[in-house]
Each structure stands twice: as C-alpha cells, then as structure tokens.
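Encoded as structure tokens, the structure appears first; notes follow it.
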Amino acid sequence: MSKNKNPEIPVDVYVQFVRSLFNDANTVLLGAFCHGLIAALVYLRSGDVVFLALAGLLFGAGLFRFNGMLKFRSSNGITDEASAWRWEREYLLRGGIQGFVLGAFCFSAIYSNPNDYGEIAAVSVALGSTVAIVGRNYGSRIMVMILSTTVVLPISAALLLKGDFYHFVLGLFIIPFFFILIKMANHVRTVLFSAISEQKYSKRIAHQFDKALNTMSHGLIMLGKDGRVVVANTEAVKLLNASSAEQLHGRTLRALLMRCVAAGIIRRCDHNSIEAMLTSALKEGRDRKMLVEFANNRHFEFSAREGRDELGVITFEDVTGRIEAEEKIRYMARYDNLTGLPNRAYFCEIVNRILAGQPADNLCALAVLDLDDFKHINDTHGHPVGDGLIYAIGERLSKHIDDNMKVSRFGGDEFMVFVRNLPDEAAMSAKLEMIFSDLAADVDVAGHVMQIQASAGAVVSRVADADVDGMIVKADLALYSAKDSGKNHWKLFEASMDEAFRRKQTVKSELRQAISRGQLRVAYQPIVGMKSMKVEACESLCRWDHPDLGAVSPAEFIPLAEEMGIITDITEFMLERACLECTNWPESTRVSVNLSANDFRNPNVVKLVCAALESSGLAPERLEIEVTETVVLDDRSRTRDYLNDLKALGVSIALDDFGTGYSSLSYLHDLPLDKLKIDRAFVMDITENKRSLDLLKGVLHLSRQLGLKVTIEGVETFEQLKLLSGTKISPDLLQGFLFGAPLSASGVAIMTRAVQPFGREQRETGHPPARKTAVRKAARA
C-alpha cells in the first residue's frame, strides 16, 4: 500500500520533496540558537523564569530537530517510497515538537506572562518562523499544516483571549494568515513540481535524442552560428578517430577536414573540393549530397543543409556496400559472366564511343565469329563442357585485345571483334588469319580434348559510313556465307551477299502471302513405264510465279518454307491439289507427292493425307508418297510408324533421291517401302563410265531381291534410254526431260490420252513422231 500522502505527486517527485526537508541542517541549528537567545532576553527583561525554561526548551527542540537531520545524512538516505514516508514521519515528529515549543513561547509572551518586550519578541520569532515554514517545509504538506498550526494559531488565540476589542480583532486578522501560509506552501510545491516534471521531461527527451543520435547508422555533426561543432554523434567520432564527442566540440569544418587529411582518411587533393561543396550547401540552406571516396577505398555520401536556429547539419553515411553492389550490378550488366568479355549492349556502346572519336576516312572492321556445331558439343558432353569451351575461346580471343581491337561475347557461341585504324582490307584478313590460327590449337576441357572449329564473317568500312547495327548485319551475312560454303573458315562481306539477303527476306515475306492467297500452282513431271513407254504416273512439283520476282525456283523457296515453319501448309496444298487433279486423269495414271522431314514432325501428317483423299475422292492406290532419307534421321521409329499408317490406307511409299544422302541399306530393310527412286547422279555418265553402269545394275538387282520397284530419275538422252532398256535387269519406271518437261494438270490429261507407246523401232532409232506431237499439244494445254 502506498505511503505517499500526496497521491497526485509521482513517487520519484515525492522522494525528492522529502529529501528537500533535510537540506541545509545548519540553518535549523542557527534558528534554534536564535529562538533560545530571544527567549533568554525576554527572561532577562521580565525576570520571569518561565521564559528561561522556554529558552532551554526552544534550544533543546532545535537541537533535537538538528540531530534528526544529521541522522538522515549519516544513513543510506531515501531509497524508495516506504523509506521516504518513514523519514517524513521522523521529520514531522521533530519539527512538530519544535513548532509546539515555539507556539508555547509566543502564547506565553502575549497572554500567559505578558510584557511589552515579550510580545515584540514573540511576533519577531513568529515572523521569522513563518518564512521558514514556506521556504523549508514545502515538501511536506503535513509539516506545513503542523507548523502553521503550532506557530500562528497560538498567537491568534493569545490575542483573542486578551478580551479587549482591539486585541480580539487583531487575533481574528491573524487567522487568515494561517491559510495564506498553507496556500503559499502549496503554490511553491506546485511550482517546484512543475519544474521537476519539466526537468524530467527534458532529460527524457535529451536521453532519447542522445540515444537516437548515437545509435543512428549515419554520422552527424551540427555546427553553431560561428561555424564550430556543437554536436557530434558516435559515428562521427569513429570516422574522425576521436576519443569522444567533446574532443570535436568547438572545431571548425576546415579543422575537421584537416584532421581527416592528417589521419590519412581523406586525400589532400579532395580536401578543398569537399569543404567548398559542404560550405556552399550550408550557406544556400538546401540539401546537397556529395559522394567521396576515402583513401582506404571506403565510400561516404555527405549531405549538408542548414537547420533551425542557424544550426548547420552535416550528415554522412558509409555507402561502400552500396557502391560495391552498384559496381557489381554495373559489371553484370556490361560483361559476360562466363568469359568476362563485354556483352552485346556494352560492346556496341564501346564501339560507338570509339567511332565518335575517329577520323572519318579511317578504316574499321567488325567480325562475327560463331562456333561450328556447338550444339553437338553440348548434347554430347554436357553444358559444363560447352561452357568450358566458350571460356577457353574467350581466353584466346582476349589475347588479341589492345587499343585497336575489342572483343565481345554476344551470347551463346557467338563472339564479336572490332578493329580500328586499319590500313586496308588485307590487314583485316591478316588479323582474321591470326585469330583462326590461335583457335586451331586443341583445347582440353575437363579431360576432353577438342579441336575448335569456327566460322566468321567480317565487314570493313570507313568510319564515316560505319553504323554498328548495320555492320553487324553485314558481318552476319558474311558469316552465313562462310557456313554455307563449308564452315571452319571466314569471309569478308561482299555487296552480292547483301543482295542475296534482301532477296531472301523479300521471298520469305512474299511466300507467306502467296500461300494464303493461293498463288502457288502444281506442275507434273511425267513418269513412264520402261516396258510400256506409257505415262503411268506423274510427280507433283510446286511452282511459284511471282508478279515481280518472276518464277521462283522451288530450290529457293522450299528451304525457306522449312525454315519459316510453313512447309506443312505447302504440303497440304500440294496433297489437296494433286489428288483432286489426278481424278481427271485415266484411272491407270497415278500421282506422287513429296513429304519433307518437317512434315513428319507433325503428328497430323497422316490426317493430312486422309483429308486430301477424302475431299478429292481419289483412290488411295493412285497416290504415292515420296520421302527422302533425311526423314528418317530425326526419329526412325516414329517415321516408320507414320509410314505404316500411310501404307495401311493403301498409299504406296517411295524413297526419293536414293544414293545422294546417307544411302543406308538398313532403310530398305526397316521402312515399309514400295519403290526406290534412283537419283540422276547414277545416270549422268552411264554412257561413258562402265563403273557407273555396273553400280546402277547392282542397285537394280538389290531392289529386285527386296521386291521393290525402281524409278530412275534424270533420263535426258536417247542414248541413256537405249542403254537402260538393253540391260538384263531394267528399271520399272523412267523419269526425265526426255519424256517431257513438267506439265499442267490439263496437259497431263491430254498427254495420257494421246501418246502411243514406244515400239521397238522407236526405242532403237530414237524417233517417236507420235509422242513428239502429243508433247507439243500437252505443252500448249
């Protein structure tokens, strides 16, 4: 339970009030001596022994009170609320006794043993004591009440008891003084309480500010009106190698900076610029930031601004981590993390900067270098080995870097080289030869010894005409040309490459529209029977007649369609058109359609064939699907399944261009084939080269053993026809310009109805007059 008799006062304030009661004990002793001396003087004047006794009592009561105060001093003092109340009671007892004796002296001098001198002495003692009541005892409301009661009221009572009117009135007027004393003491206590509370609040705020100031991560220095330090936090003390904040107080900004220079923290050359900027910011009154690199490679960001009451505030923060992170991010944004070479964006920035500072007539060059078959390395040995190879190439190319040559990794397996200050194109050729010579040496990557093979394309240009993006395009064109012509070498850009590139882009752009607009058409190459010499089938060929480009060769646009991923659209068109137009031919005449390797990557390839047959009404046995050996290379099992599905429809399967690709005999065994189409390469020199004829006979014999029909392509002369017809094992079908150029569907219809078969005499003499007439009619159709 709280012992505090003033619950509205906090305990800590109450404790301080109680302590104040025991302050300045000597004045209590002096007061006791004075009280006793005055009572003794009254005794000497009046001769009344009562006053002599009172003098002794006054002096004794004062000593008793003084002794209590000394006892307080020698003790542990006040430690808590309970001890404060215990000491207050002690003080109340001793002070109350002194007040009671003092009141008795005043009452006796005025009423009990009255005399003129005694009355004046009593009033004097009371007057001096009332000042002490307020000034010394404000800390205890009870003590004020006790002393006011024991000192003031006895005088009032003595005057009232005098009995006469004037003394009675005077006694009444003294009673309000009792309340005035109490109110004055309360007022003093309230004022002091407010002052103590404000002091506590100020201390708490100062403590919080000091804690915040010295725990903040930023350093802070405050300058007064005279430009000298008035506040410095812990971080500032650490930075300036000071022992305490007080060591910095009173110093100017210049002195602080010079201290940093002397300590080796700031470079002397940076001193003046830092001071000038900070001083300017302080004068202008606006926040300005400044990044400073210290001598120990640490980075600090300084900020200066004018605060309130003309105080200047300088803050600084160690931003070394941020700067290092920014540098790392900047490096990662500019350099390849595997080779350490500039990446594409930064390389272009470097080249543009170099070009901006070069004379317009100087020659410069840009080369694109690309590894050959890098995907195969990744697929075979894994990406870590591939990365190791890229790193090794980056190392070798880095050896060539100097003021005139810059190297970059553009990404993947592609590198870029820029060279300036070239005397002529031959100098660039020499540099490329040197680079390829360095790359030719074997490299060991994780125990795998590899030979680097790369292709490159380069372009040489005047600085005035140089444009980085344009040079990259031209170098890429030269690179493509180098790869198309065999890889593992380099080429310089030529104007014809640009023309070829532009035509390629035009063809690609127009091809998609040609398919959607139905601008493609189908031509048919007749296929005749060896024995009957009748047109037994036709191979469908895609043709494109462009209004501006003219007749675009299939050898040009078919590979582009495969590259663009639209070859299946062309295949679908060919299937639908060929099947539909074949229905207008004699039932004995069949049609063949080529399917590409890309078509067999489409899971709907069988559905395309089914749809074409259903929509046209063509009998499946009149349709032949031609495939090349490349169809099998991706996934033999999947391709075999698709061919079996097509075979189940009643469609026949032919292997086209046999002998020009891998020519694996396993294809003849694994795939559900009906026919082989032997490439024209076997026929070209059979009239001059017996070995070629023997090889052709061997293929014919093997095909017969496997039950396959054989079509020989590229028959263009009667000599070839005569030789083939005279062999012991002759082919089943023949195809070539000897039997006519590719025809339209209507031309095929006319030809199949009008042409008479070759007789023995025509085959021997080579003069088929009826056939020539029919071909001319078909061509006109």
Inset, instruction - Please name all residue pairs, on different chains or six or more residues apart, with Cβ atoms under 6 Å, provided the first residue is in the stretch 201-225 and is surrounded by 15 or more Cβ atoms within 10 Å (Cβ to Cβ) and of a type outside the set (Asp, Glu) and the second residue is at pLDDT 75 or above and in a loop (DSSP other than H, G, I, E, B). - result: Leu213/Asn233; Asn214/Asn233; Leu220/Asn233
Inset, instruction - Consider Gly68 carefully, then state whether it is closer than 24 Å to Ser124 by Cα and either in contact (Cβ under 8 Å) with a residue 12 or more places away in the chain or touching a Leu at 6+ places or on another chain (Cβ under 6 Å) (or both). - result: no
Inset, instruction - Only residues that are farther than 18 Å from Ala681 by Cα and of a type in the set (Gly, Ala, Ser): list them for the stretch 694-724, please. - result: Gly707
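List the helices (runs of 4 or more DSSP H) inside the stretch 289-389, counting only whole elements, that have at least 1 residues being open to solvent by 30 Å² or more (accessible area, probe 1.4 Å), at pLDDT below 85 and over 30 Å from Val449 (Cα atoms). Let's see the steps before the verdict.
Working: elements: 320-334, 344-356, 374-381.
Result: 320-334.
Quick check on Asp424: is it open to solvent by 50 Å² or more (accessible area, probe 1.4 Å), at pLDDT below 90 and among the acidic types (Asp, Glu)?
On the way: open to solvent by 50 Å² or more (accessible area, probe 1.4 Å): yes; at pLDDT below 90: no; among the acidic types (Asp, Glu): yes.
Against the criterion (open to solvent by 50 Å² or more (accessible area, probe 1.4 Å), at pLDDT below 90 and among the acidic types (Asp, Glu)), Asp424 does not qualify.
Is there a residue being in a helix (DSSP H, G or I), open to solvent by 30 Å² or more (accessible area, probe 1.4 Å) and in contact with a Lys or Arg (Cβ under 7 Å, 6 or more places away or on another chain) anywhere in the stretch 147-158? Working first, answer last.
Taking the stretch 147-158 as the starting set, the residues that turn out to be in a helix (DSSP H, G or I) are 147-158.
Among the residues that remain, those that are also open to solvent by 30 Å² or more (accessible area, probe 1.4 Å) are: 149, 153, 157.
With in contact with a Lys or Arg (Cβ under 7 Å, 6 or more places away or on another chain) added as a condition, the list becomes none.
So far as the stretch 147-158 goes, no, none of its residues is in a helix (DSSP H, G or I), open to solvent by 30 Å² or more (accessible area, probe 1.4 Å) and in contact with a Lys or Arg (Cβ under 7 Å, 6 or more places away or on another chain).
State which residue is farthest from Glu536 (Cα to Cα) when the search covers only the stretch 732-742 and only residues that are open to solvent by less than 20 Å² (accessible area, probe 1.4 Å) and at pLDDT 90 or above. Let's see the steps before the verdict.
Keep residues of the stretch 732-742 that are open to solvent by less than 20 Å² (accessible area, probe 1.4 Å), which gives 733-736, 739-740.
Then keep just the ones that are at pLDDT 90 or above; that gives 733-736.
Details: Leu733: 8, Leu734: 10, Gln735: 11, Gly736: 14 Å.
In this case the residue turns out to be Gly736.
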Inset, instruction - Could you give me the residue pairs with C-beta distances under 8 Å whose first residue belongs to the stretch 450-474 and is in contact (Cβ under 8 Å) with a residue 12 or more places away in the chain, whose second residue is part of a helix (DSSP H, G or I) and among the acidic types (Asp, Glu) wherever it lies, and which are 6+ apart or on separate chains? - result: Gly457/Asp476; Val460/Glu425; Lys474/Asp498
Legend entry - Top-ranked residue in the stretch 19-43 [being within 29 Å of Trp87 (Cβ to Cβ) and aromatic (Phe, Trp, Tyr); ranked as surrounded by the most Cβ atoms within 10 Å (Cβ to Cβ)]: Phe22
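Restricting to the stretch 241-259, give me the number of residues that are without any contact (Cβ under 8 Å) to a residue 24 or more places away in the chain and either under 14 Å from Phe294 (Cβ atoms) or in contact with a Leu (Cβ under 6 Å, 6 or more places away or on another chain) (or both). Working first, answer last.
Filtering the stretch 241-259 for residues without any contact (Cβ under 8 Å) to a residue 24 or more places away in the chain gives 242-247, 249-251, 254-255, 257-259.
From the residues that got through so far, the ones that are either under 14 Å from Phe294 (Cβ atoms) or in contact with a Leu (Cβ under 6 Å, 6 or more places away or on another chain) (or both) too are 242, 257, 259.
The total comes to 3.
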Legend entry - Filter result for the condition that a residue is in contact with a helix residue (DSSP H, G or I) (Cβ under 9 Å, 6 or more places away or on another chain), open to solvent by 50 Å² or more (accessible area, probe 1.4 Å), in a strand (DSSP E or B) and not acidic (Asp, Glu), over Arg521, Arg512: Arg521
Inset, instruction - Spot the failing condition for Met533; the list is (1) surrounded by 13 or more Cβ atoms within 10 Å (Cβ to Cβ); (2) assigned to a strand (DSSP E or B), and only one is missed. - result: (2)
Inset, instruction - Give the residue that is farthest from Met145 (Cα to Cα), with candidates limited to residues of the stretch 44-92 that are crowded, with 20+ Cβ neighbours inside 10 Å and of a type in the set (D, E, K, R). - result: Arg65
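The values are calculated or read from the model by the stated rules, or taken from the named source; none is laboratory data. Everything numeric here is computed off the predicted structure, so don't read it as measured data. Quick reminder, even Gly has a Cβ in these numbers, built from the backbone with ideal geometry, and neighbours come from all protein chains shown. Quick note on the areas: whole protein, heavy atoms, side chains included, nothing else; ligands and nucleic acids left out. Shrake-Rupley method; radii C 1.70, N 1.55, O 1.52, S 1.80 Å.
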